[in-house]
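Here is the structure we will look at.
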Amino acid sequence: MLCIVDNYPYFCRQTNVLIMELEQLQKDCARRQKKGLHFIMASVVIWGLILVVHLTDMEIEQKNLWTFCSAAVLFPLAWGLSKVLKIDFEGKGNPLTKAGILFSVNQILYILIAMWVFAAVPSKMLMVYAMIFGAHLMPFSWLYQSRSYMVFSIFIPIVTLIVGLFCPPAILAALMLAIEIVFSLCLSHEVKQLSSMS
């Protein structure tokens, strides 16, 4: 500790170097993985499937079950889209890739809340599911240095709460589909800007 205090200018220089290295790793991650565009595009398909499910005349419990099942295609679909879009799906060599995986996996724990709502208040399960989906996007705003992730991570939970309280689940699913399309377009614009800077 005395060493740090005695060599304060050196400590500051070292801290600045570490920050610059971290920013380079973030830029590398954003560039190689195109800010996770493949996952957001895959979510467009998933919310399309969820909308189709909620437009049927099945019981709400069955619709909710199929909503959970729809999410199962996320990783295979994102992997396929990464091949088409020439995205480095694994991001090997960049230590921040592990952070991205952690940011994604934590959503699984929050899904337990949606599972409780599934049993307790089935008509509001989709609302909670959409809120969890939106909120889990926030850490990616840091990882990819993305304004779109930050805006949508705040916008989605607030809007889905309001719409989910007063509208049927099918309306909410249609809204989420529209939001994900707009999100994909915003993210695509960010990726183009990033490419033009490199």
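The values are calculated or read from the model by the stated rules, or taken from the named source; none is laboratory data. A quick note: this is a predicted structure, and the numbers were derived from the prediction, not measured. Don't worry about glycine lacking a Cβ; one is built from the backbone with ideal geometry, like all the others, and counts go over all protein chains shown.
Right, Ile162: touching a Phe, Trp or Tyr at 6+ places or on another chain (Cβ under 7 Å) and surrounded by fewer than 23 Cβ atoms within 10 Å (Cβ to Cβ) or not?
The answer is no for Ile162.
Filter the stretch 21-45 down to residues that are hydrophobic (A, V, I, L, M, F, W, C), modelled with pLDDT of 90 or more and buried (at least 21 other Cβ atoms within 10 Å of the Cβ), then give me how many there are.
In the first step, residues of the stretch 21-45 are kept if they are hydrophobic (A, V, I, L, M, F, W, C); the result is 22, 25, 29-30, 37, 39-42, 44-45.
Imposing the further condition that a residue be modelled with pLDDT of 90 or more reduces the set to 37, 39-42, 44-45.
Still in the running and buried (at least 21 other Cβ atoms within 10 Å of the Cβ): 37, 39-42.
Matching residues across the stretch 21-45 total 5.
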Within the bounds of the stretch 135-144, is there any residue that is touching a residue at least 24 places away in the same chain (Cβ under 8 Å), buried (at least 23 other Cβ atoms within 10 Å of the Cβ) and more than 22 Å from Asn94 (Cα to Cα)?
no
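From the residues in the stretch 165-187 that are more than 24 Å from Val53 (Cβ to Cβ) and within 14 Å of the chain's Cα centre (by Cα), which one is surrounded by the most Cβ atoms within 10 Å (Cβ to Cβ)? Lay out the reasoning, then the answer.
So the first thing to find is which residues in the stretch 165-187 are more than 24 Å from Val53 (Cβ to Cβ), and the list is 185-187.
Restricting the remaining residues to those that are within 14 Å of the chain's Cα centre (by Cα) gives 186-187.
Values: Cys186: 17, Leu187: 23.
The extreme case among them is Leu187.
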Selection status of Met125, surrounded by 17 or more Cβ atoms within 10 Å (Cβ to Cβ) and at negative phi:
yes
Pairing a residue in the stretch 164-181 that is under 22 Å from Ile40 (Cβ atoms) with any residue that is of a type in the set (Val, Ile, Thr) and in a helix (DSSP H, G or I), where Cβ atoms lie under 6 Å and the two sit 6 or more apart in sequence or on different chains, gives Leu172/Val163; Ala173/Ile50; Leu175/Val163; Glu180/Val44; Ile181/Val44
Checking Ser123, Ser153 in turn, the sole residue that is closer than 24 Å to Lys27 by Cα and in contact with a helix residue (DSSP H, G or I) (Cβ under 8 Å, 6 or more places away or on another chain) turns out to be Ser153
Output the residues belonging to the stretch 64-105 that are modelled with pLDDT under 85 and assigned to a helix (DSSP H, G or I).
Leu96, Thr97, Lys98, Ala99, Gly100, Ile101, Leu102, Phe103, Ser104, Val105
If only one of Leu2, Leu51, Leu18 is under 28 Å from Gln107 (Cα atoms) and either modelled with pLDDT under 95 or hydrophobic (A, V, I, L, M, F, W, C) (or both), which one is it?
Leu51
